[in-house]
1. Identify the residue in segment 103-129 that is small (Gly, Ala, Ser) and away from the ligand (no atom under 15 Å from the Cβ) and, among all such residues, is surrounded by the most Cβ atoms within 10 Å (Cβ to Cβ).
2. When segment 130-159 is examined, which residues are found to be of a type in the set (D, E, K, R) and within 11 Å of the ligand (Cβ to nearest atom)?
3. Could you list all residues from segment 61-91 that are among the polar types (S, T, N, Q), out of contact with any Gly (no Cβ under 6 Å at 6 or more places or on another chain) and under 19 Å from ILE177 (Cβ atoms)?
4. Would it be correct to say that GLU169 is more than 22 Å from TYR225 (Cα to Cα), away from the ligand (no atom under 13 Å from the Cβ), of a type in the set (Asp, Glu) and surrounded by fewer than 18 Cβ atoms within 10 Å (Cβ to Cβ)?
5. On the given criteria, is ASP152 surrounded by 13 or more Cβ atoms within 10 Å (Cβ to Cβ) and at pLDDT below 95?
6. Considering each residue of segment 78-101, count those that are touching a Phe, Trp or Tyr at 6+ places or on another chain (Cβ under 8 Å) and on the phi < 0 side of the Ramachandran plot, and give that number.
7. Contact list please: Cβ distance under 9 Å, first residue in segment 192-207 and not assigned by TED's automatic domain parsing to the domain that holds GLN34, second residue part of a strand (DSSP E or B) and away from the ligand (no atom under 16 Å from the Cβ), pairs at least six apart or on different chains.
Amino acid sequence: MKGKKWLALACMALALVACGQKAQKKATENPEQQSVRKEQKANKLRYQGSYYSVQGADGQEIIIVNKKHPLAANYAPGEDPEAQSAFRQLVTAMQEEGFPISDHYSGYRSYENQSQLYQNYVAQDGQAEADRYSARPGYSEHQTGLAYDLIDTAGNLLTEAKASQWLREHAADYGFIVRYTEDKEEITGYTAESWHIRYIGSEAQKIAKSGLSLEEYFEVPGGDYED
Ligand SMILES: [Zn+2]
């Protein structure tokens, strides 16, 4: 009897400590982040046989690819038609704004394409350096058919400051997020890429407003490779 009472007291004390921490955490979050936290509970990361995904707020499937969550070598969906049409609209909008954006872009990449690209980079810069800016085969978001690299009219990856700023502010209007940003390199596992956007769909607005990386928003592990 006495033992049980002690146990109950110990549990209560633990619960109080936990509550105290929770209250503290909430105080530093803005309302947008608090609503994100509520939704995260429903977003369970699942392996779907050849890729990982979470469920978005409207029940839609959102594919997650990073250095902890690869795609199978035989996952080859090609370019996503919805993403492609949204991308065309975004490029047109940027061109109309006067930004030097080319009609050329880098979109879908098969496992084999990525493998070749990565091997070239490793041969050129060594594996440690290549891993910082190029994905190993199976780990590239381009293999989903949902990721695009914007190219400028000189044929280079887009880095121009004002165009990059426009992307951060408006990509979500077209269903995209700027996937790799400077302040999130630790969690995304990649150095910042001002030119790489990822199609999400309707939830892009909410993700962009939260200021979180895709990993943080859906509470999925990110960072570097396991080995
Ligand atoms: Zn890219």
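1. Among those that are small (Gly, Ala, Ser) and away from the ligand (no atom under 15 Å from the Cβ), it is SER115.
2. Scanning segment 130-159 gives GLU141, ASP149.
3. GLN84, SER85, GLN89
4. Answer is yes for this residue.
5. On the way: surrounded by 13 or more Cβ atoms within 10 Å (Cβ to Cβ): yes; at pLDDT below 95: no.
It is false that ASP152 is surrounded by 13 or more Cβ atoms within 10 Å (Cβ to Cβ) and at pLDDT below 95.
6. Of the residues in segment 78-101, 13 are touching a Phe, Trp or Tyr at 6+ places or on another chain (Cβ under 8 Å) and on the phi < 0 side of the Ramachandran plot.
7. Correct list of pairs: ILE200/ILE62; GLY201/ILE62; GLU203/ILE62.
Conditions (1) at pLDDT 95 or above; (2) under 12 Å from the mean Cα position of the chain (by Cα), marked per residue:
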| site | (1), (2) |
| --- | --- |
| SER194 | yes, no |
| ILE197 | yes, yes |
| GLN205 | yes, no |
| LYS209 | yes, no |
| LEU214 | yes, yes |
| TYR217 | yes, yes |
| ASP227 | no, no |
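The values are calculated or read from the model by the stated rules, or taken from the named source; none is laboratory data. This structure is a prediction, so every number in the text was calculated from the model and none was measured. We place every Cβ from the backbone using ideal geometry, glycine too, and count neighbours over all the protein chains shown.
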